[in-house]
Number of protein chains: 2
Amino acid sequence: MKKKSLLFLVAVAMFTTGSYASNPDSMVVSKIYEEVLGNGKVYENLHYLCKNIGPRLSGSANAQNAVEWTRSLMESYGFDRVYLQEVMVPHWERGAKEKAWFATGGKKINVEIAALGGSVATSEKGIETTIIEVFNFDQLKELGEEKIKGKIVFFNRPMNPKTLHTFNAYGAAVNQRVQGAIEAAKYGAIGVIVRSMTTKIDEFPHTGTMRYDEKLTKIPAAAISTKDANSLSAALKTDPSLKFFYQMNCKTLPDVLSYNVIGEIKGSEQPEKIITVGGHLDSWDLAEGAHDDGAGTMQSVEVLRTIKALGIKPKHTVRAVMFMNEENGTKGGLKYAENAKVTNEQHYAAIESDSGGLTPRGFSIDASTEVVNRIMSWSPIFDEYGLKEIGGGGGAGSDIGPLKSLGTALFGFRPDSQRYFDYHHAKTDVFENVNERELKLGAAAMATLVYLIDQNGLN
Amino acid sequence: MKKKSLLFLVAVAMFTTGSYASNPDSMVVSKIYEEVLGNGKVYENLHYLCKNIGPRLSGSANAQNAVEWTRSLMESYGFDRVYLQEVMVPHWERGAKEKAWFATGGKKINVEIAALGGSVATSEKGIETTIIEVFNFDQLKELGEEKIKGKIVFFNRPMNPKTLHTFNAYGAAVNQRVQGAIEAAKYGAIGVIVRSMTTKIDEFPHTGTMRYDEKLTKIPAAAISTKDANSLSAALKTDPSLKFFYQMNCKTLPDVLSYNVIGEIKGSEQPEKIITVGGHLDSWDLAEGAHDDGAGTMQSVEVLRTIKALGIKPKHTVRAVMFMNEENGTKGGLKYAENAKVTNEQHYAAIESDSGGLTPRGFSIDASTEVVNRIMSWSPIFDEYGLKEIGGGGGAGSDIGPLKSLGTALFGFRPDSQRYFDYHHAKTDVFENVNERELKLGAAAMATLVYLIDQNGLN
């Protein structure tokens, strides 16, 4: 495409500036976008978090570094109050890199696996036995103890590429990862290998949280790359009795004291009412947690930085919260709500960004119909910025979820979902896979929602 | 983010399935999306075009290879008719890689430049002289011949990062590239260096078309990377008389016979009325032309492949057209319309994809108000697939533009624009920077528009 695009520009301008352009809110929102796009710090802050700190699983030294750095970052912006909130978090470590292969036709074929978060290790010698491919728990039940006992179960149901919204495809496949070890253990399996949760066919295993049932044997569980899942599946078709080997060194250590990191700008009219905007500071250990959820935390800081930079005096207190331990416990989110109850804080609204630093599409709303209608009444402004998927129903995010019992109106920032699971929980979730403009637009969208709620109220 | 997303999924489902779900059109559209997302060939075809053919500037051997391969590709899909349409195209070659540096404080600093398409070469020895930074043509005029004569002009107005739609930022900066050599020559400049058309700060020059005025001296024109543009600008502040050197080896050869490549499925009711869907097969020489416009061509083929795969019998004739020479002449687009006039073809509608293989946002419409209203009446279907930016006004695309004089209704496929200019006309426009799902969704969106127009008509 070349200069003919000029013609289209007129059309875009027509789409995006309407009668709302002269509305005072619309003018402030325009300044919010200009500030974030023109002077925004969210991209360079994410760079620091990813490259100077890196992976930051709960309980790790890096997680503590992230706590200290984000505190000093928010202090450097001169927010009215920056503080830490204590929370005990799980501490699981992967240990030395896993080893895995399968043997067929006299050949050993190495495969890429990664222990699921919270898994027990194998013995030092590893596990080597036959492996049985299944696609769902019903099939497992049909096979029963007779066919499963003493074997490894290979859960290979893919995220459905035909599903438009990738989160739906994820939701329809992820029980294999979360519940797979429990279901397989019921029938005497001695290990679980789960196809990675992504539609992309590549060599990177995607880790993620999993559960055990204390009444059942805890069996070692790992994710296998989609490419290797396909190879293994193909090999099993010709050699169903092939042997699979894996060895993992992960362990769970005692819980560790960690922190939610909180920055706030005091409200000028109703300081006792709080609008929270947040993401989670912890990440899985395999990568930099750039999209999940460095993006959300740095966007939340950017919301407050932008408010301050523009000299906006919010009526309500606005807080940026870096929640700790979303990935394997949600202890930070639970603690934040628990503390709010104990201290009688009034949480007016909360917005979570934990779906990646991708082009904004809108917000999900978990609140009363009145609140949904109120938010929808601002659609002319949202429309100007491509925020066209705004609606009620469903949840908003796991860290702010516990605030629901306080009557808080909850909002989930919803960017385009197409690329998210290419990187999610895998080695590829690095800074280089975040686009500067997309990340910034997310921060601007969140600041816009905070601003409109703060100025106009929810009823 | 982890499994809590399940809650959100319900919300998404609510957004995306409405009463339209039982509409027969809606059911076909759902099948279109499933076919493209589940069995689509557009990604692997783009891989072939990028990796097995590569850069394909008009007149090059690669462009001819692309013509032959896309013809055989469409033949392999069994379209009713596949043929070539002759068109004479310009033939410009870059020659050996350009060299450039500036000297200040006793040091030579190498910079990355790329000749603009159509530029004349420097002499073999290159040009070395002082360079003067300007930001617009008014400033050039103010400086006048006295200050400009014998110098190189450095156009350094950036694409404005604060502009929401990147095509608008491009439109507001690109006259420096297109007209810069003409404007500078008016005042006796001997060369032109233009800041690359991107908001990203990196080391890759972005080429693109430029013009000369036959009545003025043709001076050599090159794009400089944004990173080097910033360095040069900073150096000029402390050393305004620094010397800039560049040497380029490009040349214009005689015009070459080339082709538009056309595949069609004959209409079952009104075969004489044609719906065209297309992109351009040529690309700049610096990269693989993955987004610009391998994506659009392979999406156009995919539209016809999908129609055939689903057993849809279109009422109108549906054509996929790979236009030749969009980048530096638009000779293919002009020829296609000219031929339509000569042979009295009835062109009912035309859709162009030339804005990248990125997540679909909607369509621009260049047609009567009646047509716009007709298209808008299908919004409930488009909405289900995130196609929410649909509207009239402005142009649709440069290759289909010439059909306007035939009364054809024109449509431009509009994906998200945020990442497009990171890659546009630069070395980075490669297959690896195209996301499979985003590319496929574009093809599905285009097939949907073709299907709805074909089945329901435009009035």
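What the table shows:
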| quantity | calculated |
| --- | --- |
| So A:GLY392, is it out of contact with any Cys (no Cβ under 8 Å at 6 or more places or on another chain), over 21 Å from A:LEU37 (Cα atoms) and surrounded by fewer than 22 Cβ atoms within 10 Å (Cβ to Cβ) | yes |
| Scope the range B:145-165; condition within 14 Å of B:VAL192 (Cβ to Cβ) and not charged (D, E, K, R); matching residues | B:ILE148, B:GLY150, B:ILE152, B:VAL153, B:PHE154, B:PHE155, B:ASN156 |
| Search result, residues across the range B:163-175 that are open to solvent by less than 30 Å² (accessible area, probe 1.4 Å) and touching a residue at least 24 places away in the same chain (Cβ under 8 Å) | B:THR166, B:PHE167, B:ALA169, B:TYR170, B:ALA173, B:VAL174 |
| Test: residue in the range A:368-377 that is within 27 Å of A:VAL87 (Cα to Cα) and not acidic (Asp, Glu) | no |
| Selected residue (only one of A:GLU146, A:GLU128, A:GLU142, A:GLU183 is in contact (Cβ under 8 Å) with a residue 24 or more places away in the chain and either out of contact with any Lys or Arg (no Cβ under 8 Å at 6 or more places or on another chain) or outside the structural domain of A:HIS206 (by TED's automatic domain parsing) (or both)) | A:GLU183 |
| Flag for B:GLU183 being open to solvent by 10 Å² or more (accessible area, probe 1.4 Å) and farther than 24 Å from B:GLU142 by Cβ | no |
| B:ASN160, sole failed condition from (1) farther than 30 Å from B:LEU281 by Cα; (2) surrounded by 15 or more Cβ atoms within 10 Å (Cβ to Cβ) | (1) |
| B:ASP292, sole failed condition from (1) in contact with a strand residue (DSSP E or B) (Cβ under 7 Å, 6 or more places away or on another chain); (2) not in a loop (DSSP other than H, G, I, E, B) | (1) |
| A:GLU183 being closer than 27 Å to A:LEU358 by Cα and more than 14 Å from every other protein chain (Cβ to nearest Cβ) | no |
| Matching residues, the range A:402-429, being in a strand (DSSP E or B) and within 15 Å of A:GLY333 (Cα to Cα) | A:LEU410, A:PHE411, A:GLY412 |
| Positions within the range B:345-356 being buried (at least 21 other Cβ atoms within 10 Å of the Cβ) and away from chain A (no Cβ under 11 Å), in sequence order | B:HIS347, B:TYR348, B:ALA349, B:ALA350, B:ILE351 |
| Test: residue in the range B:430-451 that is buried (at least 24 other Cβ atoms within 10 Å of the Cβ) and within 27 Å of B:ALA173 (Cα to Cα) | yes |
| Which listed residue is closer than 18 Å to A:TYR420 by Cβ, more than 14 Å from chain B (Cβ to nearest Cβ) and buried (at least 24 other Cβ atoms within 10 Å of the Cβ), from A:MET322, A:MET298 | A:MET298 |
| Exclusive hit being touching a Pro at 6+ places or on another chain (Cβ under 7 Å), modelled with pLDDT of 95 or more, surrounded by fewer than 24 Cβ atoms within 10 Å (Cβ to Cβ) and not assigned by TED's automatic domain parsing to the domain that holds B:ILE152, set B:ILE307, B:ILE262, B:ILE274 | B:ILE307 |
| Single unsatisfied condition, B:ASN459 versus (1) away from chain A (no Cβ under 11 Å); (2) modelled with pLDDT of 95 or more; (3) open to solvent by 10 Å² or more (accessible area, probe 1.4 Å) | (2) |
| Residue satisfying all of: in the range B:368-386; within 12 Å of another protein chain (Cβ to nearest Cβ) and under 14 Å from B:ILE453 (Cβ atoms); surrounded by the most Cβ atoms within 10 Å (Cβ to Cβ) among these | B:PHE382 |
| So B:LEU403, is it open to solvent by 20 Å² or more (accessible area, probe 1.4 Å), touching a helix residue (DSSP H, G or I) at 6+ places or on another chain (Cβ under 7 Å) and more than 30 Å from A:LEU441 (Cβ to Cβ) | no |
| Pairs, first free of Cβ contacts under 8 Å to residues at least 24 places away in the same chain and under 19 Å from A:CYS50 (Cα atoms) in the range A:67-87, second open to solvent by less than 90 Å² (accessible area, probe 1.4 Å) and not in a loop (DSSP other than H, G, I, E, B), C-beta under 7 Å, six or more apart | A:TRP69/A:ILE53 |
| Single unsatisfied condition, A:LYS315 versus (1) open to solvent by 20 Å² or more (accessible area, probe 1.4 Å); (2) under 24 Å from A:LEU73 (Cβ atoms) | (2) |
| Hey, A:PHE204 farther than 29 Å from A:ASP282 by Cβ, among the aromatic types (Phe, Trp, Tyr) and open to solvent by 10 Å² or more (accessible area, probe 1.4 Å) or not | no |
| Residue check, A:LYS215 within 28 Å of the chain's Cα centre (by Cα), open to solvent by 20 Å² or more (accessible area, probe 1.4 Å) and not small (Gly, Ala, Ser) | no |
| B:ILE132, sole failed condition from (1) open to solvent by less than 20 Å² (accessible area, probe 1.4 Å); (2) touching a helix residue (DSSP H, G or I) at 6+ places or on another chain (Cβ under 7 Å); (3) part of a strand (DSSP E or B) | (1) |
| Selection count where residues are within 18 Å of A:ARG437 (Cβ to Cβ) and not small (Gly, Ala, Ser), scope the range A:339-381 | 4 |
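For (1) over 25 Å from the mean Cα position of the chain (by Cα); (2) of a type outside the set (A, V, I, L, M), each residue gets a yes or a no:
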| residue | (1), (2) |
| --- | --- |
| B:ALA309 | yes, no |
| B:GLY329 | no, yes |
| B:LYS341 | yes, yes |
| B:GLY356 | no, yes |
| B:SER377 | yes, yes |
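The values are calculated or read from the model by the stated rules, or taken from the named source; none is laboratory data. These figures come from a predicted structure and were not determined experimentally. Neighbour counts are summed over all protein chains in view; Cβ atoms, including those assigned to glycine, are modelled from backbone coordinates with ideal geometry. Accessible surface areas use protein heavy atoms only, side chains included; no ligands, DNA or RNA. Shrake-Rupley method; radii C 1.70, N 1.55, O 1.52, S 1.80 Å.
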